[in-house]
Amino acid sequence: MTRVLLVGSGAREHAITRALCNSGGSVSCFASNLNPGIMALAAGFELGELDAPEAVVAFAAQQLAELAVIGPEAPLAAGVADALRAAGIPTVGPGRELAQIETSKAFARDLLMRHGIPGCPRYRTFDALAGVAGWLAELGDSYVVKYDGLAGGKGVKVAGDHLHSHAEALAYCRELVACGGRFVVEEKLVGEEFSLMSFCDGETLRHMPAVQDHKRALEGDRGPNTGGMGSYCDANHSLAFLDDEDISAAQAINEATAAALKAECDEPYRGFLYGGFIATAGGSKLIEYNARLGDPEALNVLEILQSDFLPICEGMATGTLAECEVTFRPEATVCKYVVPEGYGAQPRRDCTLVIDDERLAASGVSLFYAAVNQPPGGALETTSSRAVAVVGSGATLAAAEAQCEAGLAAVSGRGLHVRHDIATPPLLAQRVAHMRQLRGKRVAPVAGAT
Ligand code: AMP
Ligand code: GLY
């Protein structure tokens, strides 16, 4: 058994724990909440501040960890991976300098520009208002303003969505300047978003299937942005609105970005490289990079990972990924999150959640606990964030979606919300029609689309 330290305790980390335990790992989790799914599997468990390197290293030492895997971005930004490596523990997760690929929008855009990597919208970086009005005038109605740092998905404001005039855009920029922030103003891209994540050891990349997340809180892609309400991936490891070229272009961008990071930074990028892409009329473009696995996307890909996850993590952490087998089963997956009503804006805090274990087992789904707490012997408590994720799989997307819904029927309670429209035929048809329209192809009427 390899002793693995895992940092983080959401549904992504529950799925990582399961995958590590199923492939010969013994997991000790440094957690921010009492995740009952992880606690049931883990050999060690400690609550603490995930962005406190000394505390994480002390726990790793106490647990005699031989490998570390970092789940969320906050510890990466705080240098937890650097501290673990300095303590001699091979670690999956980039150091603080490399994690700028996620923590600084300007770093990511500038890196791609310097290396001639395709896929970037036109952009400029500012730390004062001078020049912003002129740049907005050049962009016209198609602009996005992004705070240049981690803001939990709240720092991005898109024209037509959150901003309705240059005056509103300038007011937001003024706010960012006032709190001392740098920001990026870039061209708004129009298309369909998808996530393409790669395992990376600094040299070798192994790509995961393309997945589509749903950021908006409400059905029909309405409501505020969230951490992600659910995601799906088809049995061919692609999405119906994507061409093969969209996928290969995104893979090539991840490869070129890893090579650029290698050329510019002193240490290898050892971890997950998650490209947030958008398929446009002009091909795949990059919206942003993340330095970790996506949540919920991790739940889709780990569900169908055929190869053992532990050796892949060891391969990433030690620069030997080229020797690893990385294959995924040809199955579709659908993940839907159960969240408190109002999640993304003003979440209810009085939710209750009950899981009918027999019914859940009969459905055949996987269930992962997210931001919930269950003290040993106590009741399950929800928080203001996502509660549980249910993942269905099957030979077709329809079968996976039906299984996911059967699993969701085993979850009941007060004040809960689920986006049941994820991976349903009307939503899928809408995505395909949108892409065909952008690509100038004939669009058949979409039955049942709202
Ligand atoms: P981010 O925090 O960079 O993931 O941005 C959050 C969301 O804002 C993305 O998922 C997109 O929906 C949207 N977004 C960010 N940048 C752009 C862009 N250049 N064009 C269109 N939408 C964008
Ligand atoms: N799926 C969105 C995220 O992990 O950031």
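Every read-out reported here was derived from the displayed coordinates using simple, explicitly stated rules and does not represent laboratory data. Just so you know, these numbers come straight off a predicted model, no measurement behind them. Neighbour counts are summed over all protein chains in view; Cβ atoms, including those assigned to glycine, are modelled from backbone coordinates with ideal geometry.
Sketch the reach of a paramagnetic label on HIS164 as a point 7 Å from Cα along Cα-to-Cβ, and name the residues of the range 136-155 whose backbone nitrogen lies under 15 Å away.
none
Distance between the C-alpha centers of the range 147-187 and the range 255-280? Whole Å please.
Rounded to whole Å, the Cα centres lie 25 Å apart.
If the elastic network links every pair of Cα atoms under 10 Å, which of GLU193, GLU175, GLU49 fluctuates the most in the Gaussian network model of the chain?
Answer for the Gaussian network model of the chain: GLU175.
Report, in listed order, any pair from LYS285/LYS336; LYS285/LYS441; LYS262/LYS441; LYS157/LYS285 with a Cα-Cα distance greater than 28 Å.
In this structure, LYS262/LYS441 exceed 28 Å between Cα atoms.
With the cut-off at 1.5 for a/c, could you classify the chain from its C-alpha gyration tensor as rounded, prolate or oblate?
Because its axes are fairly even, with a/c under 1.5, the chain counts as rounded.
Rank by packing, highest mean first: peptides 266-272, 336-342, 278-284, with packing defined as the count of other Cβ atoms within 10 Å averaged across residues.
So the peptides 266-272, 336-342, 278-284, ranked by packing, come out 336-342, 266-272, 278-284.
Quote to one decimal, in nm, the extra length available between LYS441 and ARG222 on full extension: 0.36 nm per residue of separation minus the C-alpha distance between them.
Difference between extended and current length: 76.2 nm.
Which FRET efficiency value, to the nearest 0.05, do you get for ALA281 and ASP141 by plugging their Cβ-Cβ distance into 1/(1 + (r/R0)^6) with R0 = 25 Å?
FRET efficiency, ALA281 to ASP141: 0.90.
Using packing as a proxy for protection, rank 295-307, 387-399 so that the peptide with the highest average count of other Cβ atoms within 10 Å comes first.
Numbers: 295-307: 24.2, 387-399: 21.8.
For the peptides 295-307, 387-399, the packing ranking is 295-307, 387-399.
Can you order the peptides 204-211, 124-131 by their average number of other Cβ atoms within 10 Å per residue, highest first?
204-211, 124-131
With charges only on Cβ, +1 for K and R and -1 for D and E, what is the dipole size of the chain about its Cα centre, in debye, rounded to 20?
Computed about the Cα centre, the dipole is about 920 debye.
What's the extension gain from CYS179 to ALA58 if we count 0.36 nm per residue and subtract their Cα-Cα distance?
Extending this stretch completely gives an extra 40.1 nm.
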